[in-house]
Structure formats: C-alpha cells, structure tokens
Amino acid sequence: MKLVGIVGSNADFSYNRLLLQYIKKHFKTFVDIEILEIKDVPLFNQSHDQTDSAPIQKLKRKVLAADGVIIATPEHNHTIPAGLKSVLEWLSFKIQPLSNKPVMIVGASYYNQGSSRAQLHLRQILEAPGVNAIVMPGNEFLLGEVKDAFDDQNNLKDQGTVDFLQTCLEKFAKFIKVMSAINEPQKDLSAEEDLEATGKIDTTIEGVDMSAEDWVEQASKKVGAAEGDAYVKLNRGILTVNQLNAFLASMPMELTFADSNNQFLFYNYTAEKEDMFAGRVPGQVGNPLANCHPPATYKNVKWVISQLRHGNEDVVRIHVPTHGPDKYVVHSYQAMRDEADNYMGVNEYILDFQPIIDWYLQQTGQRLAKDETVDVDATSSASTTQTEQVDSVSGASEKDNATVEADSVSGASEKADEPAEVDSVSSASVKS
C-alpha cells in the first residue's frame, strides 16, 4: 500500500518529521511511505497564483498517486502551523488532490496533550468544502512530551506507544480499502440489458419469429397452449382460460408482462390503441422490447429493467402528465420473481389515480395541502431531482413531447366546492 506522509512543519528540525521517519522505517514491511516536505511551498496568496509552481505540483502528483495520506502536525498556539494551513489552502484553491482521499492524522508536541487541539482543527479543515478529504475517524495518535519519547537512534521508547501506532496504521489500511470500494464507480448494469431479446430462457418458444404479427397464434399452436374452457391450476385456484381472460380484462388498469428475456408476452386487451394510456396493438405481443419503443427511449427502458432485475428497486413508478389535468396517470413497473427470488420479468400496470383520490377526499372530508418542505415539479409532480422521464416499458404512448399544466399541489383539476360532511361511523358522505 502506497502512502505519503506530509510533514506539517517547515522548521529545520521537527519531531513530527522524526515521527514520520520512524513510521516509514519501523513499518516498512507493512506500508510504503514517502515523506513530503512543505518547506519550499510559498505562502498562500490568491492574488499571486502559484498553483503551477514546482513545489505545489509535486505535492499534487504525489497525493493523487498515493492510496492514502498521513499528516503529522505540531501544535502552535492551540492550532496547526501557518505553513501547513498555507499548503492546504493551495491544495484546495484550483486543485483538489485531497478530494475523496483517505487521510490519517498524527501529531507530536512538547506537552502531554499531544497536539490534540491542532488535530481537531486539522480535521475540520480537511473536511471543509473544497478540500473534501476523507479523514479516518477516531484512533487519534497523540504523542505527548515528545522530547522524551525517542531514544538516541530516533526510535520510540515505549512499546505500548509502538503497539498503538501499529494498531492505528492497520486500521487506516482497512479504512483505505473500504473507502476505495465505496468510491469505485458503479458499473452501469443497465448497459447489459438486451432489448432485442436475443437470449433464451426456459419459457422461450423457439422457432417462431418474435416480430410476426400472428406470433400469439403461431406460438400457441407450437406449444399446444390451453384455451377456451380448458382449466388452469393456479397457486390457490382453478380457472378456465376464458375466466382468466375475463378476470384480467376486468382489472381497472392496463396490464403488461415482459419476461426476463425482455420479450413482450401479454397485455390485457380491452381497448384500442388510441383509447389507452400507453397505446399497444395486438401484433406487438411476442416482440422483443426493442420493437415496442423508439430508439431514443432505450436508455431509460434499460435503466428501469436493470433496477428491477438486480433488486435495486421492487417497483419503479413514473407519473406521466400527458393525459390532461383531470387525470393522474402513473406507470408502475413491478419486478416479478419466483419462489426462489429469481427475476422473472416486469409487470407494468398503468392506472389513473385521480378518481381514487377524488373518492377518498369525498369520503373522508379531507383536502390536499401542499407540503412546503418538498420541492415538486408542478408539471410532472415528480421531484425536481429526477432527471429523466421514463416511458412505458412494454409499449409507450406516442405522445412523447406533450405537456400539460397541472395543479402544483395535487396534479388534480381545481374544485371550488366545500368538502362533504362525513359520517364518522361509516365514513360515508352524509349528502347522499
């Protein structure tokens, strides 16, 4: 593990330099430490920018190349030396080599408090915006009464002090590994999503063109699919295929299923495309999802499926405000899993929540009120931190660019009527 140790003093003789030299020598089988001096770094002056000077650029390169940094600070007048403060000013002025860099603080002083106040101030400086170092919490190494701490060979005399210093270094090494894992860029798993459905799963019906208009008929014939009054045994029920179709058609929402291979396999066909929130046509069933979306939306579709497949989310909900101010249409993408928690695909259900909201308010006599602590986009009713609008996974509406003006409180149309008086026993409106 490659570390740099910064001597926090520009004096010709410094016990803090001596401490870093001891760490470098005594623990050389454990860590590789390069000691850096600050004696040649000019006093910070933003009116005389010396960011590109050799001493500052050298510090920058060394810190960036290191896995972690150890800073040894004296204590001058209850704080860190002016020279060290000046160095940190340069390293947070136009360059930020300490940003997200693990830092361990040590210090030696003539008195028994061992630079404790200087170390506290140094932590505050390192964690300040612009510096953004990651300072290891706890495990303060405070070497007090330093004039008596070293022997003639510049080794620490007290074995207990040596053991504690080793413990701090071991914990710092672990801290560096943990921070490295946290700061490692997250792999974009959505890039692996194959919207062309070129893979194969156990339930893939081979030998039938996915893009065929009559895919349902061809696939059904190939596998001898049950239909009509044939019974289907479910986990807690037995229904005929006709009953299943009627049951799914009665759902007050648009339902869609795409399997784990990203093949669009079902929607509850109850209306024509122009009368649906997310327009679909019968010939789309069987298609790979890439055929159900314009290429410009692939990135968003992949992101939704990836979140569900990898368990980052159980459900992703998007409010789509393109249906008018009298509706609050939400697309919900629900992960489907088997009993062993394996991903089976996505169930998209689309519902206009506005009638439910209106009914609830009427029944309870309540009103919607704006929460001033939440910053909401009045157009989409989504948080303003949401940067992308995701379209329907299994067959998006073609109204991609339409926008409407909605009530910023509820997304509902304005109603001036006073709420009905509610019977507290039955929750039914008294005005029947």
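The values are calculated or read from the model by the stated rules, or taken from the named source; none is laboratory data. From a predicted model like this one, the values you see are computed outputs, not experimental measurements. Cβ sites come from the backbone with ideal geometry, for glycine too, and all protein chains shown count toward neighbours. To get the accessible areas, we keep the full protein, side chains included, count just its heavy atoms, and leave off ligands, DNA and RNA. Shrake-Rupley method; radii C 1.70, N 1.55, O 1.52, S 1.80 Å.
Of PHE30, ASN154, ALA212, which is farthest along the charge dipole of the chain in the positive direction, counting Lys and Arg as +1 and Asp and Glu as -1 at C-beta?
Working it through, the farthest residue towards the positive pole turns out to be ASN154.
How big is the charge dipole of the chain about its Cα centre, in debye rounded to the nearest 20, if each Lys and Arg gets +1 on its Cβ and each Asp and Glu gets -1 on its Cβ? Kindly include the intermediate steps, with their values, before the conclusion.
Details: 39 positive and 62 negative charges, 474 e Å.
Its charge dipole is roughly 2280 debye.
Determine the share of the chain's accessible area contributed by carbon and sulfur atoms, expressed in whole percent, with a 1.4 angstrom probe.
On the way: 11970 of 24320 Å².
With neighbouring chains kept in place, the figure for the chain is 49 percent.
How would you order 65-74, 129-138, 181-190 from highest to lowest mean count of nearby Cβ atoms within 10 Å?
Values: 65-74: 23.0, 129-138: 15.7, 181-190: 9.8.
Output ranking for 65-74, 129-138, 181-190: 65-74, 129-138, 181-190.
Given charges of +1 on the Cβ of Lys and Arg and -1 on the Cβ of Asp and Glu, with all other atoms neutral, how large is the dipole of segment 57-120 about its Cα centre, in debye to the nearest 20?
On the way: 8 positive and 3 negative charges, 62 e Å.
Computed charge dipole of segment 57-120: roughly 300 debye.
Give the share of C-alpha pairs in each 5 angstrom bin for segment 288-363, from 0 to the last occupied bin, in whole percents, shortest bins first.
Here the calculated profile for segment 288-363 is 3, 14, 18, 20, 17, 13, 9, 5, 1.
So which lysines can LYS221 reach, going by Cα to Cα under 21 Å and dropping same-chain residues fewer than 8 places off?
Partners found: LYS200, LYS233.
Write down the radius of gyration of segment 15-151 and its Dmax, each obtained from C-alpha positions, in Å.
14.7, 46
Among the lysines, which have Cα under 16 Å from the Cα of LYS157 when same-chain residues fewer than 8 positions away are ignored?
LYS25, LYS147
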